[in-house]
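Only one structure is covered here, and it is reproduced in the block below.
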Amino acid sequence: MDNLFLYVIWTLERLVTDEYVLIYLHGSAGARRLPTFHWLHECYKLIDRRLRKSLKHLYLVHPTFWLKSFVLLTKPFVSSKFFRKLSYVRSLEELSRLVPVEPNAIPEMVKQYDAKR
């Protein structure tokens, strides 16, 4: 997971020259795959200020109780401006109304999870 996170940050640093939107597809993640609070906090600290400021919006798709609880726990550590950029999205249909998303960009596992809901 560390390598994946570092790769994403490395890629964003090279691609982001202006505002960007980030979509996190959470629903198909099993409980054993969820990162710890400590790990996520360490990752947040590694994100350059420019990337944090350039984030236009963060969509959390298929949020679980755990994810919503985690977001609440982070409030003391994260800028209040960040939370204005955050939206919970219940379905892929709702996401498609908010941002243009190519169907090929959504993993099949996530589509199956969405269909079961």
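The values are calculated or read from the model by the stated rules, or taken from the named source; none is laboratory data. Please read these numbers as outputs of a predicted model, since none were measured by experiment. Note that we place each Cβ from the backbone using ideal geometry, even for glycine, and neighbour counts take in every protein chain shown.
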>> Here's a check for you: in the range 10-50, which residue that is more than 13 Å from the chain's Cα centre (by Cα) and surrounded by 14 or more Cβ atoms within 10 Å (Cβ to Cβ) is modelled with the lowest pLDDT?
In response: SER28
> Of the numbered conditions (1) on the phi < 0 side of the Ramachandran plot; (2) surrounded by 13 or more Cβ atoms within 10 Å (Cβ to Cβ), LYS81 satisfies every one except a single condition; which is it?
Replying inline: (2)
>> Tell me whether the range 90-112 contains one or more residues that are modelled with pLDDT under 85, of a type in the set (Asp, Glu) and more than 15 Å from the chain's Cα centre (by Cα).
In response: no
> Yes or no: PRO63 surrounded by 15 or more Cβ atoms within 10 Å (Cβ to Cβ) and either over 12 Å from the mean Cα position of the chain (by Cα) or assigned to a loop (DSSP other than H, G, I, E, B) (or both)?
Replying inline: yes
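For the subset of the range 84-94 comprising residues that are within 23 Å of CYS43 (Cβ to Cβ) and among the hydrophobic types (A, V, I, L, M, F, W, C), which member is surrounded by the fewest Cβ atoms within 10 Å (Cβ to Cβ)?
It comes out as LEU86.
Answer with yes or no whether LYS56 is at pLDDT below 90, among the basic types (Lys, Arg) and loosely packed, with under 14 Cβ neighbours inside 10 Å. Steps first, answer last, please.
Values: at pLDDT below 90: no; among the basic types (Lys, Arg): yes; loosely packed, with under 14 Cβ neighbours inside 10 Å: yes.
No.
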